[in-house]
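The values are calculated or read from the model by the stated rules, or taken from the named source; none is laboratory data. The structure displayed is predicted, hence computed values, not measured ones. Note that each Cβ is placed from the backbone with ideal geometry, even for glycine, and that neighbours are counted across all protein chains shown.
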Ligand code: SAH
């Protein structure tokens with residue numbers, strides 16, 4: 001199949017992701033941070049995530065086949081597009097439910113409220129789940145072994161190195177309320193883990 005199918009899908013998905021996030025990014029800059037855990041590890045993780053987000057866009061803009069390209073097939077293209085759509089839907093849902101409490105990094109904002117409703121009543125980290133599903137979709141759709149897997153690599157790293165610190169931060173902030181929330185929800189998969 002023509003790689004331009006994959007290029008179109010990835011470009012559209014990236015634009016939708018930016019459009020979903022933009023208003024929250026804008027809003028979060030206007031709300032003062034009261035506590036931050038943005039250390040060296042967070043800076044490294046966020047830098048890797050940014051590079052991995054833009055790599056596919058560079059691949060899209062590259063006119064000729066490049067290192068690690070392979071032929072595009074219809075089944076991975078279809079399955080990956082489905083994962084991208086599910087990931088974006090989850091991303092939108094978690095942003096809507098988290099509202100003004102969202103931060104790009106580990107921060108507590110002024111008037112921060114613990115969200116336990118909507119998609120957050122199912123799992124504690126729906127946005128990370130969204131990003132993992134999205135990156136699986138990208139790996140399936142994008143026919144390049146290196147660029148296709150790059151966002152997944154970044155998201156697995158981000159999740160693995162951040163989730164404990166984030167939960168510690170939330171426990172420090174919300175104490176028993178977060179403890180009770182942890183007791184009744186799983187991290188990523190309802191009823192599993
Ligand atoms: N881990 C969550 C949120 C990711 S955004 C998810 O995957 O959906 C990261 C920021 O969201 C954290 O710095 C924290 O300030 C905030 N946060 C995480 N869980 C929250 C919750 N249940 N209620 C309110 N804010 C939360």
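One table, with the values for the structure above:
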| read-out | value |
| --- | --- |
| Cβ-Cβ under 8 Å pairs, at least 6 apart or on other chains, segment 1-12 side within 19 Å of residue 54 (Cβ to Cβ), far side outside any helix (DSSP H, G or I) | 3/65; 3/69; 3/72; 3/143; 6/72; 6/142; 6/143; 10/142 |
| Count of segment 26-40 residues which are touching a residue at least 60 places away in the same chain (Cβ under 8 Å), part of a helix (DSSP H, G or I) and surrounded by fewer than 14 Cβ atoms within 10 Å (Cβ to Cβ) | 1 |
| Only listed residue being without any contact (Cβ under 8 Å) to a residue 40 or more places away in the chain, exposed (fewer than 15 other Cβ atoms within 10 Å of the Cβ) and not in a loop (DSSP other than H, G, I, E, B), chosen from 179, 173 | 179 |
| Some residue of segment 157-169 being over 25 Å from residue 60 (Cα atoms), part of a helix (DSSP H, G or I), more than 11 Å from the ligand (Cβ to nearest atom) and touching a residue at least 12 places away in the same chain (Cβ under 8 Å) | yes |
| Any hit, segment 63-77, residues being assigned to a loop (DSSP other than H, G, I, E, B) and either within 9 Å of the ligand (Cβ to nearest atom) or on the phi > 0 side of the Ramachandran plot (or both) | yes |
| Count of segment 157-189 residues which are farther than 22 Å from residue 105 by Cβ and within 18 Å of the chain's Cα centre (by Cα) | 2 |
| Subset of segment 99-119 (residues that are free of Cβ contacts under 8 Å to residues at least 40 places away in the same chain and either near the ligand (Cβ under 7 Å from one of its atoms) or surrounded by 15 or more Cβ atoms within 10 Å (Cβ to Cβ) (or both)) | 101, 113, 115, 119 |
| Residue in segment 121-132 that is more than 26 Å from residue 39 (Cβ to Cβ), surrounded by fewer than 16 Cβ atoms within 10 Å (Cβ to Cβ), over 14 Å from the mean Cα position of the chain (by Cα) and modelled with pLDDT of 95 or more present | yes |
